[in-house]
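Here the structure is laid out as structure tokens; the discussion comes afterwards.
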Amino acid sequence: EAGVAQSPRYKIIEKRQSVAFWCNPISGHATLYWYQQILGQGPKLLIQFQNNGVVDDSQLPKDRFSAERLKGVDSTLKIQPAKLEDSAVYLCASSLGSGEQETQYFGPGTRLLVL
Amino acid sequence: AQKVTQAQTEISVVEKEDVTLDCVYETRDTTYYLFWYKQPPSGELVFLIRRNSFDEQNEISGRYSWNFQKSTSSFNFTITASQVVDSAVYFCALSEAYWGQSGGYQKVTFGTGTKLQVIP
């Protein structure tokens, strides 16, 4: 069974530029998550989708970050414009459902460096 | 509010030593789940174990074992006879049920991680 796919794996941009990340979850997984992991910290949830609807985006900086999951499968996360403090690893995860018992499976992440 | 504390930032052990990684959590819920993940240098978080709040039985899987104690809100992870391949950052996580406009959903809080270095 294929795992969670993410691209690109690495991205270097200058501040105020835009960037987009793509995620394809495990087939059949209804719930998709985007996390931000700053060096030395645990993952922090940015946004959670159940199919193509948002269930939690309380920690998403909506003035610069946006995400969509139009057909309920793959998803894109965009940052516009980027700031230095956005340098982090962006992890995508998916799970079968959205209950508290669900196990999340993670992709390899996208390492973003903002100069 | 839920919180996960991994007080050990970094641990170094010599190969074949046993090592225990500590995890303490805070929650108001009676029903919740606890997880351990491994993050090797490649960056991908790998799922290791899931435990629900009603099951306090210790679990052993090969060289790995987990000790869940509800009375002390701890879910510790022990690696027996450590190997170099065990070198990674290990995260403990707590999952609770939340309710929104669309219904119930999972909210997961991760600890800050413990970096384990196994020296050959």
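The values are calculated or read from the model by the stated rules, or taken from the named source; none is laboratory data. Fair warning: this is a prediction, and the values are worked out from it, not measured in the lab. Positions of Cβ are backbone-derived with ideal geometry, glycine not excepted, and every protein chain shown enters the neighbour counts.
Residues in region B:21-36 that are closer than 21 Å to A:GLY99 by Cβ, within 12 Å of chain A (Cβ to nearest Cβ), surrounded by 15 or more Cβ atoms within 10 Å (Cβ to Cβ) and touching a residue at least 60 places away in the same chain (Cβ under 8 Å): B:THR27, B:TYR32, B:TYR33, B:LEU34, B:PHE35. Going by the structure shown, is A:ASP86 of a type in the set (Asp, Glu) and either at pLDDT below 95 or crowded, with 19+ Cβ neighbours inside 10 Å (or both)? So A:ASP86 passes the test. The number of residues in region B:1-20 being of a type outside the set (Val, Ile, Thr), in a strand (DSSP E or B) and within 12 Å of chain A (Cβ to nearest Cβ) comes to 2. Of all residues assigned to region A:84-103, none qualifies as being over 26 Å from B:GLY100 (Cα atoms), within 11 Å of another protein chain (Cβ to nearest Cβ) and among the small types (Gly, Ala, Ser).
Of all residues in region A:104-113, those that are at positive phi and more than 12 Å from chain B (Cβ to nearest Cβ) total 0. Just wondering, is there one or more residues in region A:58-75 that are outside any strand (DSSP E or B), within 11 Å of chain B (Cβ to nearest Cβ) and buried (at least 17 other Cβ atoms within 10 Å of the Cβ)? The answer is no; no qualifying residue exists. Scanning region A:4-18 for residues that are more than 17 Å from the chain's Cα centre (by Cα) and in a loop (DSSP other than H, G, I, E, B) turns up A:GLU14, A:LYS15, A:ARG16, A:GLN17. Only one entry of A:GLN36, A:GLN41 meets the criterion of being part of a loop (DSSP other than H, G, I, E, B) and either closer than 27 Å to B:GLN8 by Cβ or among the charged types (D, E, K, R) (or both), and that entry is A:GLN41.
Scanning region B:97-106 for residues that are facing chain A (nearest Cβ under 7 Å), surrounded by fewer than 18 Cβ atoms within 10 Å (Cβ to Cβ) and not in a loop (DSSP other than H, G, I, E, B) turns up B:ALA97, B:GLY100, B:GLY104. Being modelled with pLDDT under 95, over 16 Å from the mean Cα position of the chain (by Cα), exposed (fewer than 14 other Cβ atoms within 10 Å of the Cβ) and farther than 30 Å from A:GLN50 by Cβ holds for only one residue in B:SER42, B:SER61, B:SER71, and it is B:SER71.
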